[in-house]
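The values are calculated or read from the model by the stated rules, or taken from the named source; none is laboratory data. Source: prediction; values computed, not measured. FYI the Cβ positions are ideal-geometry reconstructions off the backbone, even for glycines, and counts take in every protein chain you see.
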């Protein structure tokens, strides 16, 4: 049995070209930085910190972040004879940064990568986007079908969708943080607002593409309204639902990062970008940006693209 070579795709060149462009930008920016001689080491050093970290520095930062942070504690134990002795153990170190603390606190002066491992930030962002996007999907499916079936409701909701889609998510974040005392709830609301409108439009357009010919044919075969909805409208609208979810998730992910930058809980990828910029930690900042893009690509490629491709055959032409 012979193995066939996979067919060439231009998508294979996307990431390598991006990395080459990244390196070129770093080299160009480094060429513009002034240098000075260190009197102690007699070596040439840059007088200004690097603004954009190189891919290798980001990789090193990832290795540091991927390792959980520990702190040592001494525990007293007692032997059967009654003699006590001390044992030094390592326990996971919690993130010490609190959003209510001022920028002059000791915790903010440390390197951001020492305040916790990568896991808590990813988990915080995942929770916020998962809750907000799930609620947006449920509401969008209900309102999208309603707008597709009802002309009056469609005329009512179309201007509202246009207004909400034209307002960037970062504009909603300060108001929601002011309204809701809980930043976690405020970020979920921002994610919901950003994701729901594109999905409503996609689902509504999917319902409108189902012409009267298919409906009349189903009714001629004796389909009742319930059967018509289950076997005609839902299957025919699935390609548009998955396409709307794909667009809505990209909007939700961008809204999540913007909301976390403005008012996060001390955890989350948006907070990492914000605090790393304040600390001048270019490696951690570029790592967070790379993780934001990489995770969005994984969700889009492994979940939504496959869903859309699977249900594409159900699209009515």
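Here are a few things to note about the model shown:
- For residue 115, the conditions (1) at pLDDT below 65; (2) surrounded by fewer than 17 Cβ atoms within 10 Å (Cβ to Cβ) all hold with the exception of (2).
- Among the conditions (1) surrounded by fewer than 23 Cβ atoms within 10 Å (Cβ to Cβ); (2) farther than 17 Å from residue 191 by Cα; (3) in contact (Cβ under 8 Å) with a residue 40 or more places away in the chain; (4) touching a helix residue (DSSP H, G or I) at 6+ places or on another chain (Cβ under 7 Å), the only one that residue 280 does not satisfy is (4).
- Here residue 105 meets each of (1) surrounded by 12 or more Cβ atoms within 10 Å (Cβ to Cβ); (2) modelled with pLDDT of 70 or more; (3) closer than 30 Å to residue 266 by Cα with one exception, condition (2).
- Test for residue 255: is it surrounded by 24 or more Cβ atoms within 10 Å (Cβ to Cβ), modelled with pLDDT of 85 or more and under 23 Å from residue 198 (Cα atoms): yes
- Residue count for the stretch 265-301, restricted to those that are more than 24 Å from residue 51 (Cβ to Cβ), at pLDDT below 85 and in a helix (DSSP H, G or I): 2
- Within the stretch 242-268, residues that are at positive phi have Cβ atoms under 8 Å from residues that are at pLDDT below 90 and outside any helix (DSSP H, G or I) in these pairs: 266/95; 266/97; 266/98; 266/99, counting only partners at least 6 apart in sequence or on another chain.
- Test result for residue 90, modelled with pLDDT under 70 and over 18 Å from residue 290 (Cβ atoms): yes
- Helices (runs of 4 or more DSSP H) (entirely within the stretch 134-242) containing at least 1 residues that are under 23 Å from the mean Cα position of the chain (by Cα) and surrounded by 15 or more Cβ atoms within 10 Å (Cβ to Cβ): 151-166, 169-179, 183-208
- Verdict on residue 262 being assigned to a helix (DSSP H, G or I), surrounded by fewer than 22 Cβ atoms within 10 Å (Cβ to Cβ), at pLDDT below 85 and out of contact with any strand residue (DSSP E or B) (no Cβ under 8 Å at 6 or more places or on another chain): yes
- With respect to the stated conditions, residue 53 is part of a loop (DSSP other than H, G, I, E, B) and modelled with pLDDT of 70 or more.
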